[in-house]
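S.K.: One structure coming up, written as structure tokens, with questions to follow.
The values are calculated or read from the model by the stated rules, or taken from the named source; none is laboratory data. These numbers come from a predicted model, not from an experiment. Counting neighbours? That spans all protein chains shown, and the Cβs are built from the backbone with ideal geometry, glycine included.
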């Protein structure tokens, strides 16, 4: 599964810097890609250790756990355990009219629309890598960030080191996560500027 990221992701790097400038995100609403890739590279513990409340939708859970287990994917088993432990809270979108309006967007998947709706309703930040979902979030004024933000936040909260975060970006790309050269450079620069971790 690829994230479909492009050069436009550089705007999210500015958002990443802004979010880490002292404003603590209270609720993170996860789509499938960040869950899958961070688990694939062995960093699922980040989800458990992040201080923020972690929300997602039932369709995301079905994609990363139920479908993954049917295919025999190892990361699905790990994510299933996290869901059973209550690390992620499954939330149903309440504003069905808004959800339906989002679903009319060409290329926007159901899980993307649900995550954006939940983020809007809960005043949270949608953690999404899909380019269509990110453009849609911007149009509707919904806060969003990508997987690199979670890694940077983990460094900021001293869950992992800067070196580990940079290694994680490389490992995600090797696993299929897509990122332009320009965006890659900006992500690495941002991580390098973060405070030094004790771990």
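S.K.: If the requirement is being touching a residue at least 12 places away in the same chain (Cβ under 8 Å), closer than 23 Å to residue 115 by Cβ and in contact with a helix residue (DSSP H, G or I) (Cβ under 7 Å, 6 or more places away or on another chain), which of these qualifies: 188, 172?
M.R.: Selected residue: 172, the only one of 188, 172 that is touching a residue at least 12 places away in the same chain (Cβ under 8 Å), closer than 23 Å to residue 115 by Cβ and in contact with a helix residue (DSSP H, G or I) (Cβ under 7 Å, 6 or more places away or on another chain).
S.K.: Please go through segment 62-72 and give me each residue that is surrounded by fewer than 20 Cβ atoms within 10 Å (Cβ to Cβ) and assigned to a helix (DSSP H, G or I), ordered by number.
M.R.: From segment 62-72, those surrounded by fewer than 20 Cβ atoms within 10 Å (Cβ to Cβ) are 62, 66-67, 69-72; that's our starting set.
62, 66, 67, 69, 70 - these are the residues of segment 62-72 that are surrounded by fewer than 20 Cβ atoms within 10 Å (Cβ to Cβ) and assigned to a helix (DSSP H, G or I).
S.K.: Something else: Pairs needed: first member in segment 83-112, closer than 23 Å to residue 140 by Cα; second member anywhere, surrounded by fewer than 13 Cβ atoms within 10 Å (Cβ to Cβ); C-beta distance under 9 Å; at least 6 residues apart or different chains.
M.R.: The qualifying pairs are 105/139.
S.K.: Same structure again: Tally time: how many residues in segment 90-111 are outside any helix (DSSP H, G or I) and exposed (fewer than 14 other Cβ atoms within 10 Å of the Cβ)?
M.R.: 6
S.K.: Kindly list the number of the only condition in (1) modelled with pLDDT of 50 or more; (2) in contact with a helix residue (DSSP H, G or I) (Cβ under 7 Å, 6 or more places away or on another chain); (3) surrounded by fewer than 23 Cβ atoms within 10 Å (Cβ to Cβ) that fails for residue 11.
M.R.: In the conditions (1) modelled with pLDDT of 50 or more; (2) in contact with a helix residue (DSSP H, G or I) (Cβ under 7 Å, 6 or more places away or on another chain); (3) surrounded by fewer than 23 Cβ atoms within 10 Å (Cβ to Cβ), residue 11 misses (2) alone.
S.K.: Return the residues of segment 73-89 that are out of contact with any helix residue (DSSP H, G or I) (no Cβ under 8 Å at 6 or more places or on another chain) and either part of a helix (DSSP H, G or I) or crowded, with 20+ Cβ neighbours inside 10 Å (or both); say none if nothing qualifies.
M.R.: Hits for segment 73-89 are 74, 81, 84.
S.K.: Counting residues that are modelled with pLDDT of 90 or more and under 17 Å from residue 45 (Cβ atoms), which helices (runs of 4 or more DSSP H) fully inside segment 141-199 reach at least 3?
M.R.: Correct list: 147-156, 162-175.
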